[in-house]
1. Taking the stated definitions as given, is Thr39 free of Cβ contacts under 8 Å to residues at least 40 places away in the same chain, open to solvent by 30 Å² or more (accessible area, probe 1.4 Å) and within 18 Å of Pro8 (Cβ to Cβ)?
2. Specify which of the listed residues (Thr124, Thr70) is polar (S, T, N, Q) and surrounded by fewer than 17 Cβ atoms within 10 Å (Cβ to Cβ).
3. Scanning segment 97-110 for residues that are more than 14 Å from the chain's Cα centre (by Cα) and assigned to a strand (DSSP E or B), which turns out modelled with the lowest pLDDT?
4. Filter segment 12-22 down to residues that are at pLDDT 85 or above and out of contact with any Pro (no Cβ under 7 Å at 6 or more places or on another chain) and give me whichever is most open to solvent (accessible area, probe 1.4 Å).
5. Going by what's in this entry, would Arg123 be described as of a type outside the set (Val, Ile, Thr) and without any contact (Cβ under 8 Å) to a residue 24 or more places away in the chain?
6. Kindly indicate whether any position in segment 8-21 is β-branched (Val, Ile, Thr) and free of Cβ contacts under 8 Å to residues at least 40 places away in the same chain.
7. For segment 80-115, give me the residue count where each residue is loosely packed, with under 14 Cβ neighbours inside 10 Å and of a type in the set (Val, Ile, Thr).
8. If you scan segment 111-132, which residues turn out to be outside any strand (DSSP E or B) and over 19 Å from Glu66 (Cβ atoms)?
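The values are calculated or read from the model by the stated rules, or taken from the named source; none is laboratory data. All values reported here derive from a predicted model rather than from experimental measurement. Cβ sites come from the backbone with ideal geometry, for glycine too, and all protein chains shown count toward neighbours. Just the protein is used for accessible areas: all its heavy atoms, side chains included, with ligands, DNA and RNA removed. Shrake-Rupley method; radii C 1.70, N 1.55, O 1.52, S 1.80 Å.
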Amino acid sequence: MYPWSAEPGKVREFALAVKAQPSAHEGAEAVIPPTFLTTARLVWEPREQDVMRELHFDMARVLHGEEEYTFFGPPPKVGETLDVETRVEKQFEKPGGRGGTMRFAVVVNEFRDAAGAVVAQQRTTVIETEGA
């Protein structure tokens, strides 16, 4: 588990990059764009907690399969600090369409408030294609 903060400047940059209405993500009552949760694992997760190491996927052969966000109330507010817990939910294999085997992993990030309640969840499906 590690702390993650929705820093106002980073939220504004992200909102502009994804063409969101900046006004919804600025000011005292601003909330994060829903997909901003992705930055927690990709940018802020401590390297020693990186679940990709646990999976032993070859990053040169990894594809992004799916992304899903669930909010258990309003989205986190800009400036709010949450604790993030990452886990591998499941792993499985399927035959590839062009031969070989594809390995899949579903990675879940849970975002908890100061009271420990889960306020949001991000689920990512990662796919590793088989080498030549």
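1. No, not satisfied.
2. Working: Thr124 fails: surrounded by fewer than 17 Cβ atoms within 10 Å (Cβ to Cβ).
One residue alone meets the criteria, Thr70.
3. Among residues in segment 97-110 that are more than 14 Å from the chain's Cα centre (by Cα) and assigned to a strand (DSSP E or B), the one modelled with the lowest pLDDT is Thr101.
4. Lys19
5. No; evaluated as a whole, the condition is false for this residue.
6. Yes - at least one qualifying residue is present in segment 8-21.
7. 2
8. Asp113, Ala114, Ala115, Gly116, Ala117, Glu130, Gly131, Ala132
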